[in-house]
Amino acid sequence: MSVKELDAVQAEVATEPRRVNKKELRSARGLLLPAVIFLILLTQVPFVVTIVFSSLKWNLLYPNDRGFTGFDNYKSALTSGDLWPSIVATVLITAFSVFLSVVIGMVFALLLDRDFKGRAIARTLMITPFLVMPAAASLIWKYSMFDTNIGILNWLSRTLGLPIVSWSTEHPMLSVVIVLTWQFTPFMMLILLAGLQGQDKGILEAAQVDGAGTWRTFTWITLPHLRMYVEIGVLLGSVIILQVFDPIAILTKGTGGTKTLAYLLYERAFIGLDVGQAAAYGVVTVILTIIVATVALRTLFKVFMAGGSR
């Protein structure tokens, strides 16, 4: 066999895996194509329609007075004085709720990671609040816990001789944060509990043999191991709580500094009946959410690489 023929055979052998890989890649893309098309139709098409609506003057109270306004709705959204307080309220409620959920979820995860009788039942009961619908959870807290006449908290206050507190009006933001913390603590607990169960028990036993106490073992071994899970929980919890609407609508109606972006959109769309302005607020909200999510993902992206190593 000549040198040229040998080179041709080697080149053909080298290109054969590439052809196979390309064929497998096309097959994989073909399998994903229906899901991608469905995702585009479900998310991007409504967003494009929202952008179109945001450029229109369209109030349902005046259905015949409709026309193209360009960026006037965006100017109104940015200069009306309602957007920035809503952003502040959204950030505060999200930050406090996520922080408390992580801290309390960490405590419960550490407790449920121990062996004790009835642990399976305790775990099932602990995740129940996260399974309750947000509207139902808000109603439960509004009437069963916060109500001045029949609420458990005020019953305890009367029993102890303390003043009655109208939680939804006197402490609106605290009321919303309490409800969200109660509902999302099980979510954080499940993530952290999974991290605890994936921890190498041999390392803990070695630390115990070396004389490390409980607190030192937690701060120097367990907590660094859970860092990845804490960051994932904070990221997912923040994305979910940013969109929360039910507690604000049921407990406070947006009063007392609790008018979040979700409730502001509701006011513009279903109370003010201004479709164009509500769409503009929606687009601005999406842009701000993308910016926040991009910064968070860039900061936390290393969590998903090399086992979370920094």
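The values are calculated or read from the model by the stated rules, or taken from the named source; none is laboratory data. This structure is a prediction, so every number in the text was calculated from the model and none was measured. We place every Cβ from the backbone using ideal geometry, glycine too, and count neighbours over all the protein chains shown. For the accessible areas, the whole protein counts, side chains as well, though only heavy atoms, and no ligand, DNA or RNA atoms are used. Shrake-Rupley method; radii C 1.70, N 1.55, O 1.52, S 1.80 Å.
A single entry from 257, 272 fulfils the requirement of being modelled with pLDDT of 80 or more and either aliphatic (A, V, I, L, M) or open to solvent by 40 Å² or more (accessible area, probe 1.4 Å) (or both): 257.
Of the residues that make up region 264-280, is at least one out of contact with any Pro (no Cβ under 7 Å at 6 or more places or on another chain), under 22 Å from residue 89 (Cα atoms) and assigned to a loop (DSSP other than H, G, I, E, B)? Scanning region 264-280, I find at least one residue that is out of contact with any Pro (no Cβ under 7 Å at 6 or more places or on another chain), under 22 Å from residue 89 (Cα atoms) and assigned to a loop (DSSP other than H, G, I, E, B), so the answer is yes. Of all residues in region 98-106, none satisfies being modelled with pLDDT under 85 and either closer than 26 Å to residue 262 by Cα or in a helix (DSSP H, G or I) (or both). Screening region 134-166 for residues that are in contact (Cβ under 8 Å) with a residue 60 or more places away in the chain and of a type in the set (A, V, I, L, M, F, W, C) and picking the one that is surrounded by the fewest Cβ atoms within 10 Å (Cβ to Cβ) gives 135. Flag: residue 105 does not match the condition of being surrounded by fewer than 10 Cβ atoms within 10 Å (Cβ to Cβ) and either farther than 14 Å from residue 275 by Cα or touching a Lys or Arg at 6+ places or on another chain (Cβ under 9 Å) (or both). Filtered by the rule that a residue be open to solvent by less than 70 Å² (accessible area, probe 1.4 Å) and either without any contact (Cβ under 8 Å) to a residue 60 or more places away in the chain or of a type outside the set (A, V, I, L, M) (or both), region 109-118 gives 113, 118. Of all residues assigned to region 170-190, none qualifies as being open to solvent by less than 50 Å² (accessible area, probe 1.4 Å) and at pLDDT below 90. Put simply, of 124, 128, 181 the only residue that is closer than 15 Å to residue 241 by Cβ and not basic (Lys, Arg) is 181. Taking region 50-93 as the range and being free of Cβ contacts under 8 Å to residues at least 12 places away in the same chain, surrounded by 12 or more Cβ atoms within 10 Å (Cβ to Cβ) and assigned to a strand (DSSP E or B) as the test, only 66 passes.
Just one of the listed residues (107, 52) is more than 15 Å from residue 268 (Cβ to Cβ) and over 26 Å from the mean Cα position of the chain (by Cα), namely 52.
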